[in-house]
Amino acid sequence: MVFFCIVFMAQAETDYVKMLHDVDELVTFKGTDLSAEYEIVKQDPDGSSSTTVAAMFRRDSTEQFLVLVLQPVADKGKGYLKIGNNLWLYDPVGRGFTFTNAKERFQNSSFRLSDFTGSNYSVNYEIVSTKEEKLGKFDCTVFNLKAITNNVSFPQVKIWVDTENLVRKIEDYSLSGQLMRTSAIPSYQKVRDRWVPSKIIIQDQLVFRKIGDKTRYERTTVTIKNPSLNKQPDSLYTKEYLEKVNR
């Protein structure tokens with residue numbers, strides 16, 4: 001009986017590991033490029049807002065992406081280029097490149113540069129615990145994850161995964177366990193046999209303002225439009241490309 005219980009528990013743990021791997025696979029594009037338009041609206045606690053529109057090109061097989069800012073006009077032409085572990089910011093005014101970090105905010109919003117990359121929960125995290133929980137209309141498995149690499153923006157993460165292995169909610173935590181931000185993914189769009197979020201709503205738990213008896217947090221809404229799996233030329237993922245489109 002003891003042996004049976006050990007085998008059962010090991011099998012259950014293995015199933016959760018596979019499930020986390022499937023979560024990554026559904027939103028990762030190893031065999032082709034992915035491009036899309038991102039509209040990112042940041043709403044400050046005081047009610048003011050700002051909008052950024054960017055074109056994103058991603059090649060997961062070689063860990064590359066290029067993000068080109070299209071709006072606002074003041075930032076048009078600014079670009080981010082990731083090749084492997086290297087990430088550069090291109091300034092069209094100074095016509096120069098500087099190293100930056102994937103953990104940095106994109107256009108001062110709650111959206112991070114690392115959020116442009118493919119999902120790698122099964123590679124960068126280990127499962128601490130799981131439970132079943134209802135999230136609105138979704139029946140979800142909740143994963144508590146702890147980072148096992150330094151290639152992440154947050155050392156602890158909690159994700160809600162629905163019955164189709166799509167992530168519906170994310171809570172990002174600091175090493176000390178402080179909640180840093182909360183993200184909801186209410187809708188997805190299917191691209192061939194993979195999925196791309198249609199909308200992501202991010203609440204920054206550290207940027208807020210007390211107004212009477214209410215607390216208003218910084219909120220960033222990301223709308224992803226026109227996803228395409230058309231292959232892009234190799235020359236697109238280069239510094240020369242960013243320089244060329246700004247001439």
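The values are calculated or read from the model by the stated rules, or taken from the named source; none is laboratory data. Treat the numbers as computed from the prediction; the structure is a model and nothing was measured. Cβ sites come from the backbone with ideal geometry, for glycine too, and all protein chains shown count toward neighbours. The protein model used for the area step is the full one, side chains on, heavy atoms only, and it has no ligands, DNA or RNA in it. Shrake-Rupley method; radii C 1.70, N 1.55, O 1.52, S 1.80 Å.
Across the accessible surface of the range 46-180, with the other protein chains kept in place and a 1.4 Å probe, carbon and sulfur atoms take up 48 percent. Spatial offset of the range 122-158 relative to the range 88-104 amounts to 31 Å, using the alpha carbon center of each. Per residue, the range 70-152 exposes 55 Å² of solvent-accessible protein surface, assessed with a 1.4 angstrom probe and all protein chains in place. Sparse packing (at most 13 other Cβ atoms within 10 Å of the Cβ) combined with a DSSP loop state is found for the following GluC sites (Glu not before Pro) in the range 141-247: 164. At q = 0.19, 0.24, 0.27 Å⁻¹ the log10 of I(q)/I(0) for the range 161-209 amounts to -0.70, -0.89, -1.00, computed by Debye summation with a single uniform scatterer per C-alpha, solvent ignored. Helix 2-26 axis versus longest C-alpha principal axis of the chain: approximately 20°, rounded to the nearest ten.
Counting every alpha-carbon pair across the range 63-134, the share separated by more than 15 Å comes to 62%.
Within the listed set 193, 204, 60, the Gaussian network model of the chain (springs between alpha-carbon atoms below 10 Å) gives the highest mean-square fluctuation for 193.
Binning the C-alpha pair distances of the range 151-243 at 5 Å intervals from 0 yields a P(r) profile of 3, 11, 15, 15, 17, 15, 13, 8, 3, 1, 1 %, listed from the shortest bin outward. Assuming a viscosity of 1.306 mPa s and a temperature of 10 °C, what translational diffusion coefficient in µm² per second does Stokes-Einstein assign to the range 23-145, Rh being the Kirkwood radius over Cα pairs? It diffuses with D of about 96 µm²/s by this estimate. For the range 17-89, trypsin sites (Lys or Arg not before Pro) meeting the loop criterion (DSSP other than H, G, I, E, B) and having at most 11 other Cβ atoms within 10 Å: 30.
For the range 213-244, trypsin sites (Lys or Arg not before Pro) are listed when DSSP marks them as loop and at most 13 other Cβ atoms sit within 10 Å of their Cβ; the list is 231. Shown for the chain is the translational diffusion coefficient from the Stokes-Einstein equation, using the Kirkwood radius over Cα pairs, a temperature of 4 °C and a viscosity of 1.567 mPa s: 67 µm²/s.
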